[in-house]
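Novice: For reference, the structure I am asking about is given below.
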Amino acid sequence: MSAVASGAGRAGSRTGRRRSKLGWNLLGLFVFAVMGFPAYWMVDTAFKPAKDAIDPDPSLLPTGLTLDNFSRALHIADFWGPVGRSLFVSLAVVAIGVVVGLLAALAISRFAFRGRKIVIVGILAVQMIPLVAMIIPVFLLLNDLDQYDKLSGLIITYLTFILPFTVWTLRGFIVNIPKELEEAAMVDGCSRTGAFVRVVFPLLAPGMVATSVYGFIQAWNEYLYALMLLSQKNQTATVWLSNFSTKHGTEYAPMMAGATMMALPIVALFLLVQRKMAAGLTAGAVKG
């Protein structure tokens, strides 16, 4: 009897685990569907005929495919100019942000100095300020510095809210790298700089990739500051999308075609660095 009861208990436990696994899988599929549907609808609308895009009773499945919307998007208000400016701004923000953020994170993590805790708290506090609250001060400051309607002014503005995240994230990765590795390299004859380049820097690669992708996405997708700080001749890609909304209405199908083309650099970047990014997201920012 005890053996039968034990077998029944194990069978019940396995059934419970299978049900629990099935439940989590269904929940995961539901979350994926909810998060992926807007992207699917964007791409679906981009390939729809313009009349189907404004149909009051739309079909969830593709009904007809056309490339006219992409042709319309490419020929309205200079598509490649805004995309090139967005790419330049995003790459500049990533390059400057990673270099400056890495040096700041290294100083905070490896060196003890007066006011170190205040700096750390200040980095966190800056991230709590709503971006919309800084529009007027940023506008006035850039105007005084003769940086209004210039890409350099927009780059400086983006760095103000991307740098704190970069410093905080890279600090977490550096803290997780034992100091003993650097000390051992210095015992073997390396200078402090040499120990960092040969030992610490390779271990930071996943974290730097993850941080860079975040910074690129933030700069590429930002709309509000690009709208307020740049004129139409210097507009970026996100502001360019507003050209499809006029006093006569909104051209939804060409707009979705433009948004789809704008998403391609982000998708390509993620596909190129997905392995390093996954390693970076799970390796740091949990200690210290």
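Novice: Can you pull out the residues in segment 241-272 that are under 18 Å from residue 41 (Cβ atoms) and assigned to a loop (DSSP other than H, G, I, E, B)?
Specialist: Hit for segment 241-272 is 251, nothing else.
Novice: Looking only at segment 39-55, filter to residues that are charged (D, E, K, R) and surrounded by 15 or more Cβ atoms within 10 Å (Cβ to Cβ); which one of those is farthest from residue 220 (Cα to Cα)?
Specialist: To start, the set of residues in segment 39-55 that are charged (D, E, K, R) comprises 44, 48, 51-52, 55.
Filter once more, so that each one left must be surrounded by 15 or more Cβ atoms within 10 Å (Cβ to Cβ): 44, 48, 52.
On the way: 44: 23, 48: 26, 52: 30 Å.
Result: 52.
Novice: I need a count of the residues in segment 165-174 that are under 14 Å from residue 107 (Cα atoms) and either of a type in the set (Ser, Thr, Tyr) or open to solvent by 40 Å² or more (accessible area, probe 1.4 Å) (or both). Before the answer, list the steps.
Specialist: Residues of segment 165-174 under 14 Å from residue 107 (Cα atoms): 166-174.
Next, from what is left, pick out any that are either of a type in the set (Ser, Thr, Tyr) or open to solvent by 40 Å² or more (accessible area, probe 1.4 Å) (or both): 166, 168-169.
Summing the residues that are under 14 Å from residue 107 (Cα atoms) and either of a type in the set (Ser, Thr, Tyr) or open to solvent by 40 Å² or more (accessible area, probe 1.4 Å) (or both) in segment 165-174 gives 3.
Novice: Within segment 56-73, which residues are open to solvent by less than 60 Å² (accessible area, probe 1.4 Å) and either of a type in the set (D, E, K, R) or touching a residue at least 24 places away in the same chain (Cβ under 8 Å) (or both)?
Specialist: Matches in segment 56-73: 69, 70, 73.
Novice: Same structure again: Restricting to segment 92-123, and then to whatever is within 30 Å of residue 265 (Cα to Cα) and surrounded by fewer than 16 Cβ atoms within 10 Å (Cβ to Cβ), can you tell me which residue is nearest to the chain's Cα centre (by Cα)? If you could, list the steps in order and put the result at the bottom.
Specialist: Applying the first criterion (within 30 Å of residue 265 (Cα to Cα)) to segment 92-123 yields 92-105, 123.
Of the ones still in play, those that are also surrounded by fewer than 16 Cβ atoms within 10 Å (Cβ to Cβ) are 95, 99-100, 103.
Details: 95: 15, 99: 18, 100: 18, 103: 21 Å.
Here the answer is 95.
Novice: Now for a separate question. Hey, any hits in segment 143-164 for a residue that's farther than 25 Å from residue 214 by Cα, open to solvent by 10 Å² or more (accessible area, probe 1.4 Å) and assigned to a helix (DSSP H, G or I)?
Specialist: yes
Novice: Then there's this: Between 168, 240, which is under 30 Å from residue 71 (Cα atoms) and of a type in the set (A, V, I, L, M, F, W, C)?
Specialist: On the way: 168 fails: under 30 Å from residue 71 (Cα atoms).
When all the criteria are applied, what remains is 240.
Novice: Another one. Restricting attention to segment 220-240, report how many residues are over 21 Å from the mean Cα position of the chain (by Cα), surrounded by fewer than 21 Cβ atoms within 10 Å (Cβ to Cβ) and in a helix (DSSP H, G or I).
Specialist: Of all residues in segment 220-240, those over 21 Å from the mean Cα position of the chain (by Cα) come to 228-234.
With the extra rule that they be surrounded by fewer than 21 Cβ atoms within 10 Å (Cβ to Cβ), the set shrinks to 228, 231-234.
Filter once more, keeping what is in a helix (DSSP H, G or I): 228, 232-234.
So the count comes out to 4.
Novice: Which pairs have Cβ atoms under 6 Å, sit 6 or more apart or on different chains, and link a residue in segment 234-253 that is without any contact (Cβ under 8 Å) to a residue 24 or more places away in the chain to one that is among the small types (Gly, Ala, Ser) and surrounded by 15 or more Cβ atoms within 10 Å (Cβ to Cβ)?
Specialist: 241/258
Novice: Which condition from (1) open to solvent by less than 40 Å² (accessible area, probe 1.4 Å); (2) at pLDDT 85 or above; (3) not in a loop (DSSP other than H, G, I, E, B) is the one that residue 205 breaks?
Specialist: Result: residue 205 fails condition (2) only.
Novice: Does residue 100 meet the test of being touching a residue at least 24 places away in the same chain (Cβ under 8 Å), within 19 Å of residue 263 (Cβ to Cβ) and aliphatic (A, V, I, L, M)?
Specialist: When the stated conditions are applied, residue 100 does not pass them.
Novice: Also, I was wondering about something else. May I ask you to verify whether residue 89 is surrounded by fewer than 19 Cβ atoms within 10 Å (Cβ to Cβ), among the hydrophobic types (A, V, I, L, M, F, W, C) and in a helix (DSSP H, G or I)?
Specialist: No, not satisfied.
The values are calculated or read from the model by the stated rules, or taken from the named source; none is laboratory data. All of these numbers come straight from a predicted model, not from anything done at the bench. Virtual Cβ from ideal backbone geometry, glycine too; neighbours counted across all protein chains shown. All accessible areas refer to the heavy atoms of the entire protein, side chains included, with ligands and DNA or RNA removed. Shrake-Rupley method; radii C 1.70, N 1.55, O 1.52, S 1.80 Å.
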